[in-house]
Amino acid sequence: ALRQSEDRYRRLVDLSPDAVFIIQAGRVILVNPAGVKLVGAGDASEVIGKPVEELMHADDRPAVLARIDEAFAGERPTVFQERRYTRFDGKIVDVEVASTLYPDPGGPAIQVILRDITERKRTEAASRESEERFRQIAESIDEVFWITPPDKNRMIYVSPAYEKIWGRPC
């Protein structure tokens with residue numbers, strides 16, 4: 001039963017799409033395959049034993065180290081926060097990170113979960129840029145236009161020209 005339980009745990013960690021790290025005495029003592037991929041290592045042996053500070057973006061280190069101290073102090077598990085980590089090749093990875101105290105026979109440790117949000121951040125930035133371009137175009141057109149959803153039961157956007165032409169807000 002113990003072996004089966006250990007096997008389930010190992011598979012759970014190994015198959016997680018999120019990076020899982022165990023940090024003890026400031027160093028990585030466990031990393032799953034998603035964590036290896038996140039930092040751009042060839043395998044876990046390149047990450048195990050590495051000081052955790054080396055994985056953090058320099059600008060985020062003070063905040064991340066403070067959160068690690070909170071976790072070691074036994075305070076509540078941290079909620080996901082956006083941070084940046086640095087891959088082995090120097091590229092920056094945007095992540096959501098949370099940590100919690102992890103009971104380990106070798107001494108105090110924390111479990112850190114990292115979710116790569118780099119692509120989501122790129123998509124959000126592209127969406128903001130697109131919305132800004134739309135706004136600039138809509139405000140420069142002197143004709144009234146509107147946007148309705150497929151059900152056509154309401155208007156979800158009316159151009160600013162409406163107020164200019166009709167003299168009242170819509």
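The values are calculated or read from the model by the stated rules, or taken from the named source; none is laboratory data. Only a predicted model underlies this, so the values are computations on that prediction, with no experimental measurement involved. Note that each Cβ is placed from the backbone with ideal geometry, even for glycine, and that neighbours are counted across all protein chains shown. The area values use the complete protein model at the heavy-atom level, side chains included, leaving out ligands, DNA and RNA. Shrake-Rupley method; radii C 1.70, N 1.55, O 1.52, S 1.80 Å.
Overall shape: oblate for the stretch 130-169, with the ratio a/c of the largest to smallest alpha carbon gyration tensor axis at 1.5 or above and b/c at least equal to a/b. Charge dipole of the stretch 63-125 (Cα centre as origin; +1 on each Lys and Arg Cβ, -1 on each Asp and Glu Cβ, all else neutral): 200 debye, rounded to the nearest 20.
Can you classify the stretch 54-106 as rounded, prolate or oblate using the Cα gyration tensor, where a ≥ b ≥ c are the square roots of its eigenvalues, rounded means a/c under 1.5, and otherwise it's prolate if a/b beats b/c and oblate if not? Prolate, because a/c is 1.5 or more and a/b exceeds b/c. Sorting Y85, Y9, Y162 on solvent-accessible area from highest to lowest, probe radius 1.4 Å, gives Y9, Y162, Y85. In terms of packing, defined here as the mean over residues of other Cβ atoms within 10 angstrom, the peptides 37-50, 126-139 line up highest first as 37-50, 126-139.
Once the 1.4 Å probe is applied to the protein heavy atoms, the stretch 15-64 comes out at 44 Å² accessible per residue.
Please check: in the Gaussian network model of the chain (C-alpha springs, under 10 Å), which one of D104, D14, D94 has the largest mean-square fluctuation. Sorting by GNM fluctuation, first place goes to D104.
With 10 Å bins beginning at zero, the pair-distance distribution over Cα atoms of the chain amounts to 9, 28, 22, 11, 13, 12, 4, 1 %. Length available on full extension from R3 to D59: 0.36 nm per residue minus the Cα-Cα distance, which gives 15.9 nm. Considering only Y162, P150, Q24, and ranking their Cα positions along the charge dipole of the chain that arises from unit charges at the beta-carbon of Lys, Arg, Asp and Glu, the one farthest toward the positive end is P150.
Comparing R67, R154, R122 in a Gaussian network model of the chain where C-alpha atoms under 10 Å apart are linked, the largest mean-square fluctuation is found at R154. Shown for the stretch 22-131: the carbon plus sulfur share of the solvent-accessible area, taken with all protein chains present and a 1.4 angstrom probe, equals 52%.
Taking all protein chains as shown and a probe of 1.4 angstrom, F88 keeps an accessible surface of around 80 Å². Residues considered: L30, L12, L65. Largest GNM mean-square fluctuation over the chain, using C-alpha springs under 10 Å, is found at L12. Counted by Cβ distance under 14 Å from I137, the other residues give a net charge of -4, where Lys and Arg count +1 and Asp and Glu count -1.
The charge dipole of the chain, taken about the Cα centre with unit charges on the Cβ atoms of Lys, Arg (+1) and Asp, Glu (-1), comes to about 300 debye, rounded to the nearest 20.
Of the peptides 17-24, 146-153, the order by per-residue mean of other Cβ atoms within 10 Å, starting with the highest, comes out as 17-24, 146-153. The calculated FRET efficiency for the pair L12 and F134, based on their C-beta separation and a Förster distance of 35 Å, comes to about 0.20.
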